Amino acid sequence: MTDDHEVAVVRWPDRSGALEEGPAALLAAYHLRTEAEKGEPVGDVDALPDRYRAEVSDPRTAFAGQTVLVARQGDTPVGCVVVTSPAGGQVEIKRLWTDPAVRGRGVASALLGAALAHAAEHGVHTVRLSVWAWRTGAISLYERFGFTVTPSWDARDRLVCMQRAV
């Protein structure tokens, strides 16, 4: 039996069906917070840009062919991360998010570790990601895991691109 505070990271959708809703609520919180931080707050998911709304409403389709990892406490999803399919020996980590109520308890580290292990299992040599410059806590986490800032592959202002070898 597991402790209610233990975090398990599972691939979604999982075979047990325990996380049927999966990352939808987590993705909604991620996108709503991100839009607010960019100075473009929206009232609800329906007001998000189309591509973000699609991720929330149908993550199975939006992330088809990619790997979605969900951290859970018991049957409750508390964090998620998306790992793109390998291409040219690399993957990209996207949408790393933890429920603010469980931050500081190792959830993001568990998700990031699982994403890196997944990349290694698939013969990837480089993992890259992008993060908004104001998310200094996330940047510190990535640096602790060996990511370094690299020239940007994305022209959006205040987006920091990072990578590390596997």
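Bear in mind these aren't lab numbers, they're just calculated from the coordinates by the rules spelled out. This structure is a prediction, so every number in the text was calculated from the model and none was measured. Please note: Cβ atoms are built from the backbone with ideal geometry, for glycine as well, and neighbour counts cover all protein chains shown.
Among 28, 64, 101, which one moves the most in a GNM of the chain with springs linking Cα atoms closer than 10 Å? It is 101. Each of 125, 118 was scored by other Cβ atoms within 10 Å of its Cβ. Listed from fewest to most, they are 125, 118. Compare 130, 85, 152 in a GNM of the chain, Cα atoms joined below 10 Å, and give the one with the largest fluctuation. Top of the fluctuation ranking is 152. GNM remark for the chain: springs join alpha carbons under 10 Å apart, and the peak mean-square fluctuation among 23, 86, 151 falls on 151. Taking every Cα-Cα distance in region 1-133 and sorting them into 5 Å bins starting at zero, the pair-distance distribution P(r) comes out as 2, 11, 19, 22, 21, 15, 7, 2, 0 percent. A simple spin-label model places the labels of residue 140 and residue 33 1.5 nm from each other, with each point 7 Å out along Cα-to-Cβ.
Converting phi to 3J(HN,Hα) with the Karplus coefficients 6.51, -1.76 and 1.60 and the offset θ = phi - 60°, region 133-139 yields 4, 6, 8, 5, x, 5, 4 Hz in sequence order, with x at every glycine or proline.
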